[in-house]
Amino acid sequence: MNEPLETVEIFDTTLRDGEQTPGVSLSGHEKLQIARYLQALGVDVIEAGFPATSEDELRAVKTIARELRGPTIAALARTHRGDIDAAWESIREAQKPRIHLFISTSDIHLEHMLRMSRERAVEVTVDSIKYATRFTDDVQFSAQDATRTDVDFLVQVLSAALKAGATVINVPDTVGYATADEYRRLFETLSERLAPQGRVMLSAHTHDDLGGAATNALAAVAGGARQIECTVNGVGERAGNCALEEVVMALHTRGDIYQVNTNIRCQQLYRSSRLVSSLTGIPVQPNKAVVGENAFAHEAGIHQDGVLKHRATYEVMRPEDVGFPASRLVLGKHSGRHALRSRLQQMGYDLTEEEFEEVFSRFKQLPGQKAPISEHDLEAIVDDQLGRADGTLQLEYLLVTSGNRAIPSATVRLQLCGEPRETSACGNGPVDAIFRAIDSATGINPELVDYRLESVTDGTDALGNGTVVVKFNSETHVGRGLSPDVLEASALAYVNALDKCLMARPMTDCSSGRGAASHRPADVREGRSSV
Ligand code: KIV
Ligand code: ZN
């Protein structure tokens, strides 16, 4: 009889390392939505955040820890007691809490960044791990910049960490510098030299600076790692982290080589990728491995011919294995609640009654303008709806004039804290006019960092997916809008981004009426438009 395969645990850090992507800032509601998808995906550990960085971060981690059941919820902390207190405060209600401590161990970091001796680094490591074990038995220790750390010193710190009570040892390639061979050998060395302290759970954490994040994580597994730290779509600092979908599919597709299992439900990979892309505002490149739109497209005649004759000629995995939505048309004008509910269930969605009702009402608004509706459309509607929180700002009405002989102009009516605001503006094109009119109605004028429009499916009647990234009070906010009318999709995306700007401002408080009054621009107060 065959021996059961060992399991490699998947530690997802989309909400922590991933959120460190330049320009990405997720609201608490968006983080919770991503965490729910990660739970459905079957990740073993969700690193929900770095609670000492802000009150908002602590609150967001706390909500995730309270709501989710199943995965371990980890919170990051430096080797400071204050950080550990904040981390514990955020995850104490989790079913399975983990404190994740880190300190740099390479000489270059110790000398230039921490200005700390090696001896002192060992002392603070031991002290902080002992402190963290007062709260929980599950303490992970990361030796930041491990791959540029002197190996004897690394063994010394990690041995001390294990003795102090750490249960998982993470060996990050923080700057994406290691080669696959070096990284595998490092894990083999550590497995051997730490073995006298009993069975050790070693973890790989890789960055993609030289494009080797996934390869290096796989090499670490060959060297003995049994946890991989990664992010959905590989989002993260600089060139990003190891992409979850890439390592997982490599482990599954080449099980003959790696001889390990994961607990990931691979059919949820595509969906998780799209949600993270939509909420972070970072598009997935079409040729991205596993989840890119072209990952299973065969353009060349010879390839098409081969795939038609036998799929395995050019496909090492099938689109349905990773949950690529079928492009077939699934629902039409007259489909009711029951049909929609069962289709969403077949697609793997597990929505609450309230979420379902919201999606149903969005779906029912569509067919007049667009028919029939495909799985791609449904997925876009669900993602858009789940990512939305009740805001202060809504688009009620939009009128746009444009043409090759017209001066582009837009009139918008918004509801801000339940109060109507109507303004008009001209612009350099219809989208510019819409955004100016919205600025004028809200009284804020954030810097536009990015604006994109994509179609969800092919055809001129496709749903348009608008994404707007703005900077306001040095914070970045991503807004999204979905509509068969691309100008409306753009307006909705901009309103969504400005709503987040307003919500982030301490003075926006609809319940007291202060929000509305304080945002009211002079021209609106006096009933004038800004045309
Ligand atoms: O890249 C890194 O070293 C990290 C640690 C905090 C684990 O993200
Ligand atoms: Zn990292």
(message) Criterion first (surrounded by 15 or more Cβ atoms within 10 Å (Cβ to Cβ) and within 25 Å of GLY466 (Cβ to Cβ)) does ARG413 satisfy it?
(response) yes
(request) Hey, can you tell me all the residues within segment 154-187 that are open to solvent by less than 40 Å² (accessible area, probe 1.4 Å), within 16 Å of ligand 1 (Cβ to nearest atom) and not aliphatic (A, V, I, L, M)? (result) ASN170, PRO172, ASP173, THR174, GLY176, TYR183, PHE187
(message) Tell me which helices (runs of 4 or more DSSP H) are completely within segment 444-531 and hold 3 or more residues being over 21 Å from the mean Cα position of the chain (by Cα) and at pLDDT 90 or above, or say none if there are none.
(response) 486-504
(request) Being part of a helix (DSSP H, G or I) and among the aliphatic types (A, V, I, L, M) is the filter; apply it to segment 337-363 and report the residue that is surrounded by the most Cβ atoms within 10 Å (Cβ to Cβ). (result) LEU344
(request) Kindly indicate whether any position in segment 170-179 is away from ligand 2 (no atom under 16 Å from the Cβ), hydrophobic (A, V, I, L, M, F, W, C) and either assigned to a loop (DSSP other than H, G, I, E, B) or assigned by TED's automatic domain parsing to the domain that holds LEU114 (or both). (result) no
(message) I'd like to check something: does segment 101-111 contain any residue that is loosely packed, with under 14 Cβ neighbours inside 10 Å and hydroxyl-bearing (Ser, Thr, Tyr)?
(response) no
(message) Cβ-Cβ distance below 6 Å, separation of 6 or more or different chains: which pairs start in segment 159-180 with a residue that is small (Gly, Ala, Ser) and end on one that is part of a strand (DSSP E or B) and within 13 Å of ligand 2 (Cβ to nearest atom)?
(response) GLY176/HIS207
(request) Filter segment 206-234 for residues that are touching a strand residue (DSSP E or B) at 6+ places or on another chain (Cβ under 8 Å), within 13 Å of ligand 1 (Cβ to nearest atom) and part of a loop (DSSP other than H, G, I, E, B) and give the result. (result) ASP208
(request) Name every residue in segment 104-150 that is β-branched (Val, Ile, Thr) and either within 16 Å of ligand 2 (Cβ to nearest atom) or assigned to a helix (DSSP H, G or I) (or both), in order of residue number. (result) THR105, ILE108, VAL122, VAL124, THR125, VAL126, ILE129, THR147, THR149
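If you check ARG238 against the conditions, is it without any contact (Cβ under 8 Å) to a residue 12 or more places away in the chain and not in a helix (DSSP H, G or I)?
Working: without any contact (Cβ under 8 Å) to a residue 12 or more places away in the chain: no; not in a helix (DSSP H, G or I): yes.
No.
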(request) Would you be able to tell me the number of residues in segment 479-500 that are among the aliphatic types (A, V, I, L, M), within 20 Å of ALA380 (Cβ to Cβ), open to solvent by less than 10 Å² (accessible area, probe 1.4 Å) and touching a Ser or Thr at 6+ places or on another chain (Cβ under 7 Å)? (result) 2
(request) Among the residues of segment 198-213, write down those that are surrounded by fewer than 24 Cβ atoms within 10 Å (Cβ to Cβ) and more than 27 Å from LYS163 (Cβ to Cβ). (result) ASP208, ASP209, LEU210, GLY211, GLY212
(request) Kindly indicate whether ASN294 is more than 25 Å from THR457 (Cβ to Cβ), of a type in the set (S, T, N, Q) and either within 16 Å of ligand 2 (Cβ to nearest atom) or outside any helix (DSSP H, G or I) (or both). (result) no
(message) I'm trying to understand the selection: among the residues of segment 50-64, which are part of a loop (DSSP other than H, G, I, E, B) and surrounded by fewer than 24 Cβ atoms within 10 Å (Cβ to Cβ)?
(response) SER54
(request) Tell me, please, whether a residue that is surrounded by 15 or more Cβ atoms within 10 Å (Cβ to Cβ), assigned to a helix (DSSP H, G or I), of a type outside the set (Gly, Ala, Ser) and modelled with pLDDT under 90 can be found in segment 315-322. (result) no
(message) Checking the condition open to solvent by 40 Å² or more (accessible area, probe 1.4 Å), in contact (Cβ under 8 Å) with a residue 24 or more places away in the chain, within 16 Å of ASP138 (Cβ to Cβ) and within 16 Å of ligand 1 (Cβ to nearest atom), which residue from GLU9, GLU47 passes?
(response) GLU9
(request) Among the residues of segment 14-36, write down those that are part of a loop (DSSP other than H, G, I, E, B) and within 16 Å of ligand 1 (Cβ to nearest atom). (result) THR14, LEU15, ARG16, ASP17, THR21, PRO22, VAL24
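Residues are listed down the side, and each one gets a yes or a no for (1) within 25 Å of PRO283 (Cβ to Cβ); (2) part of a helix (DSSP H, G or I); (3) β-branched (Val, Ile, Thr):
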position: LEU38; (1), (2), (3): yes, yes, no
position: ALA48; (1), (2), (3): yes, no, no
position: GLY70; (1), (2), (3): no, no, no
position: ALA74; (1), (2), (3): no, no, no
position: TRP88; (1), (2), (3): no, yes, no
position: ILE99; (1), (2), (3): no, no, yes
(message) Name the single residue that is farthest from ligand 2 (Cβ to nearest atom) among those in segment 3-22 being closer than 21 Å to VAL276 by Cα and among the hydrophobic types (A, V, I, L, M, F, W, C).
(response) ILE10
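In this structure, is ASN216 surrounded by 22 or more Cβ atoms within 10 Å (Cβ to Cβ), more than 12 Å from ligand 2 (Cβ to nearest atom) and of a type in the set (S, T, N, Q)?
When the stated conditions are applied, ASN216 passes them.
The values are calculated or read from the model by the stated rules, or taken from the named source; none is laboratory data. These figures come from a predicted structure and were not determined experimentally. Because the Cβ atoms are built from the backbone with ideal geometry, glycine has one as well, and the counts that use them run over all protein chains shown. These accessible areas exclude ligands, DNA and RNA; they are computed on the full protein's heavy atoms, side chains included. Shrake-Rupley method; radii C 1.70, N 1.55, O 1.52, S 1.80 Å.
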